[in-house]
Number of protein chains: 2
Amino acid sequence: MPSYKAPVDETMFLLTDVLGYERYGNLPAFAEAAPDLIEAILTEGGKLCEEVLQPLNLPGDAAGCTRHDDGRVTTPDGFRDAYEAIAEGGWIGLAADPEYGGQGLPHTLTVIMNEYMCSANLAFAMYPGLSQGAYAALLLHGSDAQKRTYLPKIVSGAWSGTMNLTEPQCGTDLGLIRTKAVPRDDGSYAITGSKIFISAGEHDLTENIVHLVLARIDGAPAGTDGLSLFVVPKFLPDDDGNAGARNGVSCGAIEEKMGIHANSTCTMNYDGATGWLVGTENKGLSAMFTMMNHARLGVGVQGLAISEAAYQNAADYARERLQGRSISGTKAPDKPADPIIVHPDIRRMLMTIRAFNEAARALVIWTSLKGDVSVLAEDEDERERAEDHLALLTPVIKGVLTDTGFANAVLAQQVFGGHGYIAESGMDQFVRDARIAMIYEGANGIQALDLVGRKLPANGGRALRAFFREIDVFLKENGDNETLSPYLSGLKAGRDDLEKATMWLMQNAMADRDNAGAAATDFMHLFGLVALGLMWAKIAKAAAAKSGSGDGRDEVYAAKLVTGRFFMERMMPETAAHLARISAGASSMMALPAEAF
Amino acid sequence: MPSYKAPVDETMFLLTDVLGYERYGNLPAFAEAAPDLIEAILTEGGKLCEEVLQPLNLPGDAAGCTRHDDGRVTTPDGFRDAYEAIAEGGWIGLAADPEYGGQGLPHTLTVIMNEYMCSANLAFAMYPGLSQGAYAALLLHGSDAQKRTYLPKIVSGAWSGTMNLTEPQCGTDLGLIRTKAVPRDDGSYAITGSKIFISAGEHDLTENIVHLVLARIDGAPAGTDGLSLFVVPKFLPDDDGNAGARNGVSCGAIEEKMGIHANSTCTMNYDGATGWLVGTENKGLSAMFTMMNHARLGVGVQGLAISEAAYQNAADYARERLQGRSISGTKAPDKPADPIIVHPDIRRMLMTIRAFNEAARALVIWTSLKGDVSVLAEDEDERERAEDHLALLTPVIKGVLTDTGFANAVLAQQVFGGHGYIAESGMDQFVRDARIAMIYEGANGIQALDLVGRKLPANGGRALRAFFREIDVFLKENGDNETLSPYLSGLKAGRDDLEKATMWLMQNAMADRDNAGAAATDFMHLFGLVALGLMWAKIAKAAAAKSGSGDGRDEVYAAKLVTGRFFMERMMPETAAHLARISAGASSMMALPAEAF
């Protein structure tokens, strides 16, 4: 049976020692959230994840969701109680505006809690996660009346949210959307069409479900410029704001899928359903992108979350499973065999995962803090710089953390040998669940194109220049710190490869745009390694500084210095292979005619 | 719905144009097997895979095997008929000795057919595959009486075979086996113990099941030196050699696992079951290794097989799915969107898979031919050289082809976007099925250790030196062929990294054996890339030579030259990252105490 322990100590070390949490104290939401309060909140939230959500994960996978003949969908046993615990504890609205019943804490705290929830039970965590996305979209784009109607219900957890984009003929290419919205006299619209792959589209956890739906108003232009966003509740709010009459939207089927079985993935049929325009006509895509960007960072966190949970179980197994003897001499002579953690190849897998997890968590928290700054800072330049960082790093976090999170789940499963292939180990579920994160909210190839095609050139490359400056300042400021030299030299090597790759793109992508497309995924992963390398340099600096401070955690700091070295020695060298592939250009990739495949 | 087409043309090109099939004509089994006969056989076998096995793959996965209360196990609908077709067609004994009812064809042909069968239906193909392993073990180690009793039944498909090694407390470390064998007066043994993860342990496809079981004779030494191999049939052969009385072996449970659902993975309980010693007392492990080595090559083929099937489906999808417009300008103006094969990142995935598949198939066939030579050649030196090649390449093929085959199934699934996560696409099944091949028959970390710890140093490094010589001769002989220069330079770069890695191991693994363990997996993959690179150089040479020959296949040859270039530009550069990791040594990997994980 798999287990999980929320890494609260890790989080606090990153927040306070590595990322200088106290520097954010001047921001409104942070003023009230001193480190000891944060730690208390995370400890309580972590316990909920460990004790309530995690035990439901494996049985939830086996049971899945059930669609009944009348179109109702029921979630696995225990999910309703667990959802109530999350809602009552105020976890859904941790960072929501107190005006709507939220707790007004930094958004960063929600991101951290989402890591813990997704580690414990990804399929479950998606329900409140989608509500948070719907909250964000309505908060920014909804009318005052819409906010008053929907936000308190979403924040309290009484109602949940969904995103309705995909249709059978369109996934990435939303310009192909066919769902129609016909205006009615009362200002509402009649929404008609079919949406697929709608996560949490129908379930039994909440009184009502608030669908945010992309559709085309009758007569609107073709393509993405004709899309509008609508709010379409499952039950129409009555005069008291409670769930009233049933709306014309229903679940036609739930998908049989590879994983996240306990989250209902629905085909939603809109049959003249009543919807209300959110924001401006024909500007639905940009409104939806608020939700998407929010969701993309959250999906990146899912990659980290599964990687962490898989790691913990693999490490436990490796310490306990007795098999073979160490090639450097017997380590446990009193036992029939040594624990497999003595074998280098087992450690290779474990170290690879942990070297990713610790830095990825730092990257996520750092970026989330920038997200808070981008909204909360008084100074406009500061907000702009933070927004640049957030925009640049979002596709990297989404793409790299989910690709690597999946690869790490596979590695952790491998530690278990044959036992990892058996459902009861839970390792198989981690792999199957992690797989979706590489696909949804924009497949990772789309993230890479977003990075290379949109985020790099934006504002004349301002965000990327700032990212390089961040690295270069760190390298310069710490250049004479002997202890840090292996971390700095590794970071420098990666940084230089990233610079060369950027130069190559500047010189070659204009002449042949396929060169950008052909380079995109490698560029994203190269960028990710450098960003993780920067995190390791910062972690190493903090660990070295805290070591010997008498806080009783010297072994933890020593482990960080070792793990960071492993990253620089064994993971950072991959940047050179990425650079070689990028510099190879598009020609061999694009040469074959379609029929030759 | 997934589909499959057996790549007979590809196989024939490799056999005849790349690997010089006609050079083997002096070997007994080959004399009767001219290329046109081989092609006819493969065409017929391919059709069976396409029309009979493949349609059962997806439904077989959904249905799985069922264990009934009486211990019987039934396979999915259609499996019995399909098995009968395979058996009646003589496919199980294609390469078996005609004395036992086999067709006496080269073993290479069986390997090729196994690729097609595993592409079409891996879970199904395991049943005859295990029989072939049992045949090999009994042929080499069984007594004449045992051969007469079992081999004709196995060859005809009336009886099937299994391998029984794993127990709950031992997987890799077979020295921990507890299953007991107590000698009886009649020369038989009473076998008692419990085996787990026994593929095809119980099913309804055959009249009888022949279990090959590793057990410890009462009083035998501890560890692997006390293991003996036994044949334990489900039904004891009667005086006429038919399945008679029920033996004391039964299936206690079947495993709930990630994939290969249609193959029954059983817990087998031996309760004083009657067994007979195969080969010599306490030499069971080496007898079992005959079966294992045979199986390891076969498992490597499974990696290729899934990669091929996944590729074919992804390529079809990419040609048909309309989404977005090419970044270099609209390609299908008459359609609502371009087919996604216009997008470089989609091609990156497809090209990566095909660049692996074609070379991996060449490597498998080349090595299988060596396998035939190692048994059939008259000249002892020739047999020894072939045996060296087979021994050296077996762990590489097992480890690299299954790791990469799985990664490729994941890539192919990614081409499908969200649709690939849905069961009916079949892509999810490819990923889940491919995953097991990295684990069974020795997890890939064990393959890497076998390569580095056993195969490299064997006979003073003779096999590796011969492998380098093979490359160097090819480089030299073709050095002035302008057309080949991109392939030769890529191969040379990889070869040089492999040489450096070997030197590093020679200098550092003696002083600290953990350095070998820490390098093993990277070394195996580095070796694999160089071996695949050699195959690409040979394929390119053959394609260039055949191009313009008027055989109407110039487009095929042109595609090979492009795909080989893609391999050299985008896959071979990974050797440098492997070398960097190998040269980093074990220190950061081994530094942490177990409790720090």
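Since every read-out is calculated from the coordinates, none of them should be taken as a lab result. A quick note: this is a predicted structure, and the numbers were derived from the prediction, not measured. With ideal geometry, Cβ positions are generated from the backbone for all residues, glycine too; neighbour counts draw on all protein chains shown.
Would you mind stating whether residue B:360 is in contact (Cβ under 8 Å) with a residue 12 or more places away in the chain, within 30 Å of residue B:541 (Cβ to Cβ), within 11 Å of chain A (Cβ to nearest Cβ) and under 19 Å from the mean Cα position of the chain (by Cα)?
It is false that residue B:360 is in contact (Cβ under 8 Å) with a residue 12 or more places away in the chain, within 30 Å of residue B:541 (Cβ to Cβ), within 11 Å of chain A (Cβ to nearest Cβ) and under 19 Å from the mean Cα position of the chain (by Cα).
So which residues in region B:234-258 are surrounded by 21 or more Cβ atoms within 10 Å (Cβ to Cβ) and either more than 26 Å from the chain's Cα centre (by Cα) or of a type in the set (Lys, Arg) (or both), if there are any at all?
B:234, B:247, B:249, B:251, B:257
Count, please, the residues in region B:141-190 that happen to be within 12 Å of another protein chain (Cβ to nearest Cβ), assigned to a helix (DSSP H, G or I) and farther than 17 Å from residue A:419 by Cα.
The qualifying residues number 1.
Going through region B:291-325 one residue at a time, which ones are assigned to a helix (DSSP H, G or I), touching an Asp or Glu at 6+ places or on another chain (Cβ under 8 Å) and within 11 Å of another protein chain (Cβ to nearest Cβ)?
B:319
Per-residue answers, yes or no, for (1) among the basic types (Lys, Arg); (2) over 19 Å from residue B:283 (Cα atoms); (3) touching a helix residue (DSSP H, G or I) at 6+ places or on another chain (Cβ under 9 Å):
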site: B:184; (1), (2), (3): yes, yes, no
site: B:196; (1), (2), (3): no, yes, yes
site: B:201; (1), (2), (3): no, yes, no
site: B:239; (1), (2), (3): no, yes, no
site: B:248; (1), (2), (3): no, yes, no
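Can you list the helices (runs of 4 or more DSSP H) lying wholly within region A:4-98 that have 3 or more residues being within 24 Å of the chain's Cα centre (by Cα) and buried (at least 17 other Cβ atoms within 10 Å of the Cβ)?
Passing ranges, in order: A:8-12, A:35-48, A:57-63, A:79-88.
Out of all the residues in region A:22-39, which are within 18 Å of residue A:11 (Cβ to Cβ), of a type in the set (D, E, K, R) and in contact (Cβ under 8 Å) with a residue 24 or more places away in the chain?
Residue satisfying the conditions is A:39 alone.
Does region B:125-140 contain at least one residue that is in contact with an Asp or Glu (Cβ under 7 Å, 6 or more places away or on another chain), part of a helix (DSSP H, G or I), farther than 24 Å from residue B:227 by Cα and within 14 Å of another protein chain (Cβ to nearest Cβ)?
no
Can you name the residue in region B:421-430 that is facing chain A (nearest Cβ under 7 Å) and buried (at least 24 other Cβ atoms within 10 Å of the Cβ) and is also nearest to residue B:404 (Cα to Cα) among such residues?
B:428
Only one of A:135, A:189 is over 25 Å from the mean Cα position of the chain (by Cα) and among the aromatic types (Phe, Trp, Tyr); which?
Exactly one of A:135, A:189 is over 25 Å from the mean Cα position of the chain (by Cα) and among the aromatic types (Phe, Trp, Tyr), namely A:189.
Take residue B:328 and decide whether it is within 25 Å of residue A:453 (Cβ to Cβ), outside any strand (DSSP E or B), out of contact with any Phe, Trp or Tyr (no Cβ under 7 Å at 6 or more places or on another chain) and without any contact (Cβ under 8 Å) to a residue 40 or more places away in the chain.
So residue B:328 passes the test.
Restricting to region B:326-343, name every residue that is buried (at least 18 other Cβ atoms within 10 Å of the Cβ), within 7 Å of chain A (Cβ to nearest Cβ) and either hydroxyl-bearing (Ser, Thr, Tyr) or under 31 Å from the mean Cα position of the chain (by Cα) (or both).
Of everything in region B:326-343, just one residue is buried (at least 18 other Cβ atoms within 10 Å of the Cβ), within 7 Å of chain A (Cβ to nearest Cβ) and either hydroxyl-bearing (Ser, Thr, Tyr) or under 31 Å from the mean Cα position of the chain (by Cα) (or both), namely B:341.
Specify the residue that is nearest to the chain's Cα centre (by Cα); the eligible residues are those in region B:461-486 that are surrounded by 14 or more Cβ atoms within 10 Å (Cβ to Cβ) and β-branched (Val, Ile, Thr).
B:471
Of all residues in region B:530-559, how many are under 20 Å from residue A:586 (Cβ atoms) and surrounded by fewer than 24 Cβ atoms within 10 Å (Cβ to Cβ)?
Count: 2.
Restricted to region A:496-517, and to residues that are within 14 Å of chain B (Cβ to nearest Cβ) and of a type in the set (S, T, N, Q), which residue is nearest to residue B:342 (Cα to Cα)?
A:515
Inspect region B:554-576 for any residue being out of contact with any Phe, Trp or Tyr (no Cβ under 6 Å at 6 or more places or on another chain), part of a helix (DSSP H, G or I) and away from every other protein chain (no Cβ under 14 Å) and give the result as yes or no.
Checked against the condition, which is being out of contact with any Phe, Trp or Tyr (no Cβ under 6 Å at 6 or more places or on another chain), part of a helix (DSSP H, G or I) and away from every other protein chain (no Cβ under 14 Å), region B:554-576 yields no hits at all.
Would you please list the contacts, defined by Cβ atoms under 6 Å and residues six or more apart or on different chains, that run from a residue in region A:529-541 that is over 15 Å from residue A:562 (Cβ atoms) to a residue that is of a type in the set (Lys, Arg) and in a helix (DSSP H, G or I)?
Sorted first by the residue in region A:529-541, then by its partner, the pairs are A:530/A:495.
Tell me, which strands (runs of 3 or more DSSP E) lie completely within region B:191-260 with 2 or more residues that are of a type in the set (Gly, Ala, Ser), closer than 25 Å to residue B:126 by Cα and away from every other protein chain (no Cβ under 14 Å)?
Answer list for region B:191-260: B:249-254.
Could you please find all residues in region B:436-448 being at the interface with another protein chain (Cβ under 7 Å from one of its Cβ atoms) and in a helix (DSSP H, G or I)?
Correct list: B:436, B:445, B:448.
Counting just the residues of region B:577-597 that are within 30 Å of residue A:579 (Cα to Cα) and more than 7 Å from chain A (Cβ to nearest Cβ), which one comes out surrounded by the fewest Cβ atoms within 10 Å (Cβ to Cβ)?
Ranking the candidates gives B:587 first.
If residue A:349 passes every condition in (1) out of contact with any Lys or Arg (no Cβ under 9 Å at 6 or more places or on another chain); (2) more than 14 Å from chain B (Cβ to nearest Cβ) but one, which one does it miss?
Going through (1) out of contact with any Lys or Arg (no Cβ under 9 Å at 6 or more places or on another chain); (2) more than 14 Å from chain B (Cβ to nearest Cβ) one by one, residue A:349 breaks only (2).
How many residues are without any contact (Cβ under 8 Å) to a residue 24 or more places away in the chain and closer than 14 Å to residue A:180 by Cα when one looks only at region A:207-243?
Residues that pass the stated criteria total 1.
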